[in-house]
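One structure is given below, encoded as structure tokens.
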Amino acid sequence: RSSGGPHWLWFCSVGNLSGAVSEVSQSRTKAGVPIASVEDAQALEAVMANPPWAEIREKFQAALALSRVELHKNPEKEPYKSKYGARALLEEVKALLGPAPEDEDERPQAEDGLGAGDHILGLPAEVMEAEGPIAQGAVRLAVIEFHLGVNHIDTEELSAGEEHLVKCLRLLRKYRLSQDCVSLYIQAQNNLGILWSEREEIETAQAYLESSEALYNQYMKEIGSPPLDPTEHFLPEEEKLAEQERSKRFEKVYTHNLYYLAQVYQHMEMFEKAAHYCHSTLKRQLEHNAYHPIEWAINAATLSQFYINKLCFMEARHCLSAANVIFGQTGKISTTEDTTEAEGDVPELYHQRKGEIARCWIKYCLTLLQNAQLSMQDNIGELDLDKQSELRALRKKELDEEERVRKKAVQFGTGELCDAISAVEEKVSYLRPLDFEEARELFLLGQHYVFEAKEFFQIDGYVTDHIEVVQDHSALFKVLAFFETDMERRCKMHKRRIAMLEPLIVDLNPQYYLLVNRQIQFEIAHAYYDMMDLKVAIADKLRDPDSHIVKKINNLNKSALKYYQLFLDSLRDPNKVFPEHIGEDVLRPAMLAKFRVARLYGKIITADPKKELENLATSLEHYKFIVDYCEKHPEAAQEIEVELELSKEMVSLLPTKMERFRTKMALT
């Protein structure tokens, strides 16, 4: 349910009368208790005489068949028709089984709560086999309560569902560590965990799910043999499952438990723990061949984002490579009982997931490039050759540690699958690029996935997603430009950024996409700003820059000013008044825009002294705004420490410069 699918149900059939007698007899014999007393004979006679097993089997199988019906196959006005039909049959089976045994049903209510059970408190359970007619009757009734609980949850009747599941736990409580009951008990707790999670009572959900995990671990440590599947409580001896099938089903129950725990820990912002459980879940799904390729791949790709944020690029690359390989299996493997119809043959879902995995690859390439830039740039954002040399010296150490790190990492798959994943990994570096050629390889990989993501996330229908992909593409060009030493080629990269971003502004309604508009305006302004700086640097190397270069610099300056001003104007209220207090979310961008506007006015090249004086005055006005704002709002100073110091310096210097300029103008 947590992943959007239906509850996990164990579908079972009911055995015949002789099977029930055989089961009781065998359980007593296995326990070393001879069936010799009159009481034993009478008990067995009662089992044989009372429950009409043929009728129970028929009704129970019919109930389970109805439970399996997909909701969309019901009448539109009665979406739960099949569920209600199944519920009625389950209630009839419950009535035929008779009332709960007194020693279980009349247990004080104080013990029904979450904190009352020993196992939920973290105390180990004791092994008590479900021997004898009373115990077996309690277990069968618990199976029905379980299915009724799931049925009510499926029809969004959570309170009734909880009641049935708690009854199931109560009936099984003292037998929960037995081979007969451990699987059913864990499944009931898993469903209660999901139920409380849907109520957003995350700590209660956590307690149920952690209880299931602890019970599984205790059972495997103390007993270890594959436990009965809940289906087997209604099967004759000759139809009982083989141990291999029992083990497969029990391990699947535990895998679901880990999957739900991963989501609970994610919700509780215990990200390290959530990632560990998610990784374990994915690994187990591959080991037991119990996965759907599309769902598995998107979960692995999503997990990569955790590792990317932790700068664990080797693990992120492994998750993404595995996602590619498993996604490639779509349509090539047979469906399992976990496969939902929605995941079946829907082309749109396939292309959407493909686009989402591509976006995860884009983030991998972009973050690795940006991390390399941060480690090699100087205090003005340019490549520091000394830092670059130091990182080259450390590269050998990083490569030497690779094998040791790989052995510690959790790896997906074995045999051919492992080889296929490794083949994808080998084509992608996880090390920070140290020069343009290495950076270009990552850039091209990221750009490949940009084109793949844009195939699905088009502007018509996926506006926000499409814009984010384009922004990532722009960011790839921006970080690649950092590694480029040729200033003309760097200019061309920024020009490519502008060419892909400017059309977005035309198509977007600023009223509905205000935040996105601001982001793009600021980014375009910054691209023009960088291009102007590069053109100025190129001109400085020339003895006598011609008028064409001067015009180019001024045009770039004008374009940067235009977009910075559009961004700043978007902060004004409906009366076009600039806010006295700028919100935290836009404080730094607003201050940076003000600072760069001030600098841009000071960089305008003009032969008109009067115009130059006006530009200096405008520049001073913007520098002064930054200084005055930080004096009124001291908390803003820490957002722009470097820019604030430079602004204070310019506020001090510019008036003197302007006065000298006025004097010079007067003399001429």
note = Here FRET efficiency (C-beta to C-beta, T606 to S375, R₀ 51 Å, nearest 0.05) is 0.80
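Would you mind putting 270-278, 227-235 in packing order, based on average other-beta-carbon counts within 10 Å, highest first? Show your work: numbers first, answer last.
Details: 270-278: 17.7, 227-235: 22.8.
Final packing ranking: 227-235, 270-278.
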inquiry  = Treating only the Cβ of Lys, Arg, Asp and Glu as charged (+1, +1, -1, -1), what charge dipole size does segment 157-314 show about its Cα centre? Round to the nearest 20 debye.
reply    = 360
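What FRET efficiency would be calculated for the residue pair N555, L394, taking the C-beta separation as r and a Förster radius of 51 Å, to the nearest 0.05?
Numbers: r = 43 Å, r/R0 = 0.85.
Once the sixth-power term is evaluated, E becomes 0.75.
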task = Give the long-range amide H neighbours of Q377: residues separated by 5 or more places, or on another chain, with amide H under 5 Å away, using H modelled in the peptide plane at 1.01 Å from N.
result = D384
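Which of the residue pairs K495/K562; K541/K603; K363/K454; K541/K594; K387/K427; K354/K454 have a Cα-Cα distance greater than 20 Å in the structure shown?
Values: K495/K562 16 Å; K541/K603 17 Å; K363/K454 14 Å; K541/K594 29 Å; K387/K427 27 Å; K354/K454 11 Å.
Flagged as over cut-off: K541/K594; K387/K427.
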Average accessible surface area per residue within segment 191-312, 1.4 Å rolling probe, Å² = 41
task = On the full set of protein chains, 1.4 Å probe, figure out the accessible area of F456 and give it in Å² to the nearest 10.
result = 30
Phi-based couplings in Hz for segment 579-584 (Karplus 6.51, -1.76, 1.60; Gly and Pro marked x) = x, 6, 10, 8, x, 4
query = How far apart, in nm, are two points set 7 Å out from the Cα along the Cα-to-Cβ line at L431 and at S652?
reply = 4.7
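Would you please classify the overall shape of segment 511-668 from the alpha carbon gyration tensor, given that a ≥ b ≥ c denote the square roots of the eigenvalues, rounded means a/c under 1.5, and beyond that prolate means a/b larger than b/c while oblate covers the rest? Present the calculation step by step, with values, prior to reporting the outcome.
On the way: a/c = 2.00, a/b = 1.35, b/c = 1.48.
Judged from the Cα gyration tensor, segment 511-668 comes out oblate (a/c at least 1.5, b/c at or above a/b).
Can you compute the charge dipole magnitude of segment 522-581 about its Cα centre, using +1 on each Lys and Arg Cβ and -1 on each Asp and Glu Cβ, nothing else charged? Give it in debye, rounded to the nearest 20. If you can, show how the numbers build up before the last one.
On the way: 9 positive and 9 negative charges, 55 e Å.
It comes to approximately 260 debye.
Compute the Cα gyration tensor for segment 419-505, then decide on rounded, prolate or oblate, letting a ≥ b ≥ c be the square roots of its eigenvalues: rounded whenever a/c is under 1.5, prolate when a/b is larger than b/c in the other cases, and oblate in all that remain. Walk me through the numbers on the way to the answer.
Values: a/c = 3.31, a/b = 1.13, b/c = 2.93.
Cα axes put segment 419-505 in the oblate bin.
With a 1.4 Å probe and all protein chains left in place, how much accessible area per residue does segment 409-450 have, in Å²?
On the way: 2120 Å² over 42 residues.
Per-residue value: 50 Å².
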query = Taking the Cβ of A275 as the center, what net charge do the other residues with Cβ under 11 Å away carry, scoring Lys and Arg +1 and Asp and Glu -1?
reply = 0
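Within 10 Å, count the other beta carbons around each residue, average over each peptide in 437-450, 537-550, and list them highest first.
Listed from highest to lowest mean packing, they are 437-450, 537-550.
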remark   = Rounded to the nearest 0.05, FRET efficiency between Q565 and K387 (Cβ-Cβ, R0 41 Å) equals 0.70
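Quick check: from the Cα gyration tensor, does segment 510-585 come out rounded (a/c under 1.5), prolate or oblate?
Details: a/c = 3.13, a/b = 2.85, b/c = 1.10.
Note, shape of segment 510-585 comes out prolate.
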query = Of Q179, H147, H164, which is farthest along the charge dipole of segment 128-194 in the positive direction, counting Lys and Arg as +1 and Asp and Glu as -1 at C-beta?
reply = Q179
ask   = Protein chains only, probe 1.4 Å: how do T155, T464 rank by accessible area, largest first?
value = T464, T155
remark   = Protection proxy (average C-beta count within 10 Å per residue), highest first, orders 164-170, 200-206 as 164-170, 200-206
query = Among I626, M665, Q638, which residue has its Cα positioned farthest towards the positive end of the charge dipole of segment 570-668, with +1 placed on the Cβ of Lys and Arg, -1 on the Cβ of Asp and Glu, and the dipole taken about the Cα centre?
reply = M665
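The values are calculated or read from the model by the stated rules, or taken from the named source; none is laboratory data. The model shown is predicted, which means the values in this text are computed figures rather than measured ones. Glycine gets a Cβ as well: all are built from the backbone with ideal geometry, and neighbour counts include every protein chain shown. Each accessible area value is taken on the protein alone, full model and side chains, heavy atoms only, with ligands, DNA and RNA left out. Shrake-Rupley method; radii C 1.70, N 1.55, O 1.52, S 1.80 Å.
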